[in-house]
1. For segment 162-179: of the residues being over 20 Å from Leu88 (Cβ atoms) and touching a residue at least 40 places away in the same chain (Cβ under 8 Å), which is surrounded by the fewest Cβ atoms within 10 Å (Cβ to Cβ)?
2. Test Trp150 against the stated conditions and say whether it is crowded, with 21+ Cβ neighbours inside 10 Å and in a loop (DSSP other than H, G, I, E, B).
3. Considering only residues that are in contact (Cβ under 8 Å) with a residue 40 or more places away in the chain and under 20 Å from Trp297 (Cα atoms), look in segment 112-134 and name the one that is surrounded by the most Cβ atoms within 10 Å (Cβ to Cβ).
4. Select from segment 113-150 the residues that are under 14 Å from Thr92 (Cα atoms), out of contact with any strand residue (DSSP E or B) (no Cβ under 7 Å at 6 or more places or on another chain) and small (Gly, Ala, Ser) and list them in ascending order.
5. Of the residues that make up segment 237-244, is at least one under 21 Å from the mean Cα position of the chain (by Cα), of a type outside the set (Lys, Arg), assigned to a strand (DSSP E or B) and assigned by TED's automatic domain parsing to the domain that holds Val151?
6. Inspect segment 209-220 for any residue being touching a residue at least 40 places away in the same chain (Cβ under 8 Å), touching a Lys or Arg at 6+ places or on another chain (Cβ under 8 Å), assigned to a helix (DSSP H, G or I) and crowded, with 19+ Cβ neighbours inside 10 Å and give the result as yes or no.
7. Specify which of the listed residues (Arg113, Arg101) is under 21 Å from the mean Cα position of the chain (by Cα) and of a type in the set (D, E, K, R).
8. Within segment 103-126, can one find any residue that is part of a strand (DSSP E or B) and among the aromatic types (Phe, Trp, Tyr)?
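The values are calculated or read from the model by the stated rules, or taken from the named source; none is laboratory data. None of the values given here were measured: they were computed from a predicted structure. Positions of Cβ are generated from backbone atoms using ideal geometry, with glycine treated the same way; all protein chains shown enter the neighbour counts.
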Amino acid sequence: MTRADDTSHIHPPLRSQEPFQTVAMPVERASTIVFRDLEAFERRAERVYDGFSYGLYGTPTSRQLEDHIAQLEGGVRALVVPSGMAALTLATMAVCQGGDRVLVPETLYGPARDMVLRFLGPLGIETTSYDPRLDAEIAPLLDTRTRLVWVESPGSATFEVQDVPAIVAAAHRAGALVAADNTWASHLLFKPLAHGVDISMQALSKHAGGHGDLLLGSLAVRDEALFRRLKDTARFLGYGVSPEDCVLCERGLMTMPVRMRHAAVTAQAVMSWLAGRDEVSRILHPSQPDHPGHPVWKRDFAGSAAVFSLVLRPELAPLQAEALHRMRLFRLGASWGGVHSLIAVSDPRKGRTSLDWLPSGPVWRLSIGLEALEDLLADLETAFASFAEATRSQPGHTSGRAAE
């Protein structure tokens, strides 16, 4: 081995620069980025928003995905960050500082509620939770210190649909911005920016990724100055994204409309089946005529996602572990939007003051995947059969609905 080998291992021979064209997004990795001359190097800070100055701040791969997200959202710019949670944190920190207030709906993603209270609270940012059904009546909660109002429509456990245009009007009159967690609907079913929202956020890990193997989040805006505030805050927090993850997301976007349409049709059939079961006291989905916000959903949304909750009869609470254990296709998992069907069990009543309309009983959130409808129904039948077996063995058993 000679000294020349050291150099030749680092500098391969140059190849032709003739473009290599493919329909697939190329993976371009980098930490270090080099510059053609001293002037370009000294002006590298000017490249943070559009060009390339360091791998953490963007690569051709991440920029391409961001451009695509902006186009799909109907925005001017978009920013991709490591997760949906990162996007929520970033948007709040970019808009608020010590002494400011942020309003969040009681339906906001649980870890995000913990973040604004336990992380931003000690930084002097005050958080106020509000009933997601307030809509235009949110106005009295807005004061001169309110900088940001979060909406999540529908909420990810009880699925209240908010009148986003009404909330936007009230917030803007008070000088506050509005950010929307639009993960359930995605840009396919609801476009927050077109309804006056300032920041549209998605957890791309869900519908866009679509396969349960990706962590990414996005923020889309209509205003260049707001984008730069978000980008600067992302730099200060050290947020960067993997080009491989960006490629996985771009691949997911290509099939996302087909997947969501197919899953939505299956979900409607599953809900129809569940509506006839004695074990189920209520289905929570904005397409249901008796659900809060159904008229607003019909007015503002282009369709419905395949994610919904059901409320079981209260007496079934001790039996749900065995029922879930019998299932083979529905797996326990706190996510949605993928090709695999999932169930998440929760008690959305914890920390809520505005759920007087919700029946008592265990709440299961179902995310319908791409399995065959008949197979999913057979899996649910297996689970519900365990309820029937257990209740038949109880003394004096009668059908729950027959006894009403």
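1. It comes out as Pro165.
2. So Trp150 fails the test.
3. Pro132
4. Result: Gly124, single match.
5. no
6. Within segment 209-220, none of the residues are touching a residue at least 40 places away in the same chain (Cβ under 8 Å), touching a Lys or Arg at 6+ places or on another chain (Cβ under 8 Å), assigned to a helix (DSSP H, G or I) and crowded, with 19+ Cβ neighbours inside 10 Å.
7. Numbers: Arg101 fails: under 21 Å from the mean Cα position of the chain (by Cα).
Of Arg113, Arg101, the one residue that is under 21 Å from the mean Cα position of the chain (by Cα) and of a type in the set (D, E, K, R) is Arg113.
8. Checked against the condition, which is being part of a strand (DSSP E or B) and among the aromatic types (Phe, Trp, Tyr), segment 103-126 yields no hits at all.
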